[in-house]
Amino acid sequence: MRAAQSNILLCLLELSLGKFRNVLLNQTNPVEAVIRNIASNVTVVIFQVHAQQNDVTPLVNGSGIGADRGLVSILRPEQTICTWYLHSLDAGQVLSTAISIPYMEKDPIPGGCNLEFDLEVDPNIYLDYTLVDIHIKFAPANLGYTRGANPPSCDSGTGQNSRWRLRYDVYQYFLPENDLSEMVLMSHIRKMAEVQSIKMLTLTADDKTNVYFSSLPGQGVIYNVIVWDPLWNTSAAYIPVHTYACSFADLVDNCSSLSKLSTKVFFTAFAVLGLFTCFFGHRFWKTGTEYLFFLISLGITIKIHLIMVLVRLIMTAVSGIIGGLLLVVSWWRFGSVLLSMFIIGLVLGFLFSSTLFFTPLGDYRVFRDDVVFWVTFTCVALLIPVLFVGCPRILNILACGVVGSYTVILAIACYVYTSLAYITLDLLRRVLNNYFNRAYTNVPFQRNDFIILSVWAMLALSGVTVQLRRERSEVPFPPHPYLIWKRERERRSTNVLDPSHHIPPLRERIHNRLLHIKELFQKNQPAGERTPLLL
């Protein structure tokens with residue numbers, strides 16, 4: 001390695017075990033990282049280097065490149081020095097941070113049973129992201145062993161004396177919202193090495209070593225895997241990997257500007273209509289509920305083809321589109337106020353159920369099953385119109401206040417990141433993506449989210465209060481369904497001029513209908529006389 005780089009100026013970086021060092025890397029001048037005086041009880045050293053967006057790599061064949069990369073150095077007997085060579089593929093200066101972590105003979109070795117990736121022992125976590133989800137995968141670990149010994153076999157049985165006893169804890173760590181700086185990432189990478197994060201799940205050796213998470217464009221997230229040995233109660237960490245689920249290099253829809261101008265205009269206009277519905281929706285209840293329908297079916301799906309939404313939402317039977325279609329039919333054809341109020345409650349129930357599954361409840365393993373999830377979601381959504389079936393005015397005012405104010409949250413999400421937008425977005429992803437049920441939908445809830453949640457609560461409470469005070473002295477509208485039915489029954493029983501008053505009882509009408517059907521099967525009698533006249 002030194003001969004191949006004899007004409008290149010090497011920069012020396014002295015490292016200490018377990019301590020981070022910031023270093024500037026570039027394409028032309030590799031950095032030589034050295035650790036000296038390694039203790040004899042250390043059997044493995046894991047070296048790792050991290051950058052925000054540029055690719056960095058240790059100069060080892062097959063080590064790969066990426067923003068988060070590392071190597072496992074298995075020490076020989078009597079070895080006290082380790083050396084690595086680092087460089088970046090970028091011509092400019094790249095800020096990175098490096099650390100080397102020692103492990104003892106009883107500690108498991110991350111990636112020690114690699115059969116998929118290039119390195120013989122690969123402690124790296126490989127991450128891919130799309131607009132919908134994030135996929136991380138890693139190689140299985142092996143049991144630790146002493147210096148100079150042969151590594152334990154990866155395929156010699158599945159008992160407690162093999163690597164199959166190992167467990168894998170997957171951790172997720174959220175960076176501060178709206179902060180894309182390099183220094184913030186580097187400081188939190190250090191915290192992630194201490195596992196100050198949220199443990200999402202535990203995998204056994206029988207599980208596949210890959211996990212899916214929901215994608216959060218613009219929000220920095222660090223993932224790590226800790227493998228631990230329950231027999232020796234020891235553990236070791238893989239190489240942490242981070243993502244913003246977006247590109248810093250793209251000119252459009254990059255990490256600094258996730259929303260297009262058309263998206264901002266669209267949701268801002270909907271927020272204006274939402275505020276109108278929040279404070280005046282009950283007085284214009286037909287217009288308000290039409291708006292709620294379009295909000296659910298169009299507003300949160302601006303980048304998704306509407307026909308796809310129609311097909312998938314009809315299959316789930318809980319969508320705002322079905323509600324909107326039934327609402328239009330009920331107004332234009334049947335004129336049923338009761339049905340319209342039910343659909344209004346269904347829209348409110350849709351948002352309530354989405355909020356419920358937005359909590360950690362939605363990550364329970366039982367809801368990975370689509371049948372269980374959609375049946376539960378539908379029951380929760382139907383709970384709202386059932387509870388308020390006797391109070392249509394209160395139901396309509398609540399729906400206008402809560403859902404109308406939520407449009408402001410969607411508009412804010414176009415300018416400033418907020419996790420509250422994923423209340424409906426994650427549900428829509430599950431409707432449109434057959435494989436989104438495998439993704440964990442945990443999101444950060446930080447200071448900005450508490451502020452925006454307070455704004456939502458204040459707007460909803462203000463809208464409901466204003467409309468209740470305005471309608472306090474007005475005639476109840478819509479009227480109570482039971483009162484309508486009772487008044488109609490009394491009118492039919494007392495008003496002799498009402499055509500419905502002369503309608504026969506149900507029993508008599510059924511009897512007449514059966515007689516009419518019976519006549520259809522009787523033979524016609526022939527014309528003429530068949531008996532002689534009696535004189």
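Computed quantities for the displayed model
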| item | result |
| --- | --- |
| Separation between Cα centres of the range 68-139 and the range 178-192, rounded to whole Å | 19 Å |
| Among 257-265, 152-160, 68-76, the order from most to least packed when residues are scored by Cβ within 10 Å on average | 68-76, 257-265, 152-160 |
| Surface accessible to a 1.4 Å probe, per residue, for the residues of the range 20-94, Å² | 41 Å² |
| Burial ranking of peptide ranges 97-110, 371-384 (average Cβ count within 10 Å, highest at the top) | 97-110, 371-384 |
| Summed residue charge, Cβ within 15 Å of MET104's Cβ, Lys/Arg positive, Asp/Glu negative | -1 |
| Local net charge near ASP229, Cβ-Cβ under 13 Å (Lys/Arg +1, Asp/Glu -1) | +1 |
| Charge sum, other residues only, whose C-beta stays under 15 Å from ASN448's C-beta, Lys/Arg counted +1 and Asp/Glu -1 | -2 |
| Fully extended contour minus Cα-Cα distance, from VAL375 to ALA39, at 0.36 nm per residue | 115.1 nm |
| Computed accessible area, VAL272, all protein chains, 1.4 angstrom probe, square angstrom | 90 Å² |
| Using a Förster distance of 41 Å, the FRET efficiency for ASP206-ILE394 (Cβ separation, nearest 0.05) | 0.20 |
| The range 62-207 - percent of accessible surface contributed by carbon and sulfur, probe 1.4 Å | 50 percent |
| More than 20 Å apart - percent of Cα-Cα pairs taken over the range 161-267 | 51 percent |
| Diffusion coefficient, µm² s⁻¹, Stokes-Einstein with Kirkwood Rh over alpha-carbon pairs of the range 129-193 at 25 °C and 0.890 mPa s | 154 µm²/s |
| log₁₀ of I(q)/I(0) at q = 0.24 Å⁻¹ - the range 359-407, Debye sum with one point per alpha carbon | -0.89 |
| Table column - 3J(HN,Hα) (Hz), the range 138-154, Karplus curve with 6.51, -1.76, 1.60, x for Gly and Pro | 8, 7, x, 8, 10, 6, x, 7, 7, 4, x, 7, 7, x, x, 5, 7 |
| Ranking by accessible area, most exposed first, for VAL170, VAL408 with a 1.4 Å probe | VAL408, VAL170 |
| Cβ crowding within 10 Å averaged over residues, with 343-353, 179-189, 116-126 ranked highest first | 343-353, 116-126, 179-189 |
| Calculated FRET efficiency for the pair MET183/ALA249, C-beta based, R₀ 30 Å, to 0.05 | 0.90 |
| Residue-level accessible surface for LYS191, protein heavy atoms, 1.4 Å, Å² | 80 Å² |
| Overall form of the range 16-82 per C-alpha gyration tensor (a/c, 1.5; a/b vs b/c) | prolate |
| Modelled FRET efficiency - R0 51 Å, GLU116 with VAL466, Cβ distances, 0.05 increments | 0.25 |
| Whole-number accessible area per residue in Å² for the range 191-249, which is evaluated in the context of all protein chains at 1.4 Å | 38 Å² |
| Dipole magnitude of the range 22-156, debye to nearest 20 (Cβ charges: Lys/Arg +1, Asp/Glu -1, about Cα centre) | 440 debye |
| Cα-centre dipole for the range 180-257 with unit charges at Cβ (Lys and Arg positive, Asp and Glu negative), debye to 20 | 180 debye |
| Label-point gap, in nm, between ILE74 and ARG365 - each point 7 angstrom along Cα→Cβ | 3.3 nm |
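The values are calculated or read from the model by the stated rules, or taken from the named source; none is laboratory data. Just so it is clear, the structure is predicted and the values come from calculations on it, not from any experiment. Cβ sites come from the backbone with ideal geometry, for glycine too, and all protein chains shown count toward neighbours. The accessibility values were calculated without ligands, DNA or RNA, using every heavy atom of the protein model including side chains. Shrake-Rupley method; radii C 1.70, N 1.55, O 1.52, S 1.80 Å.
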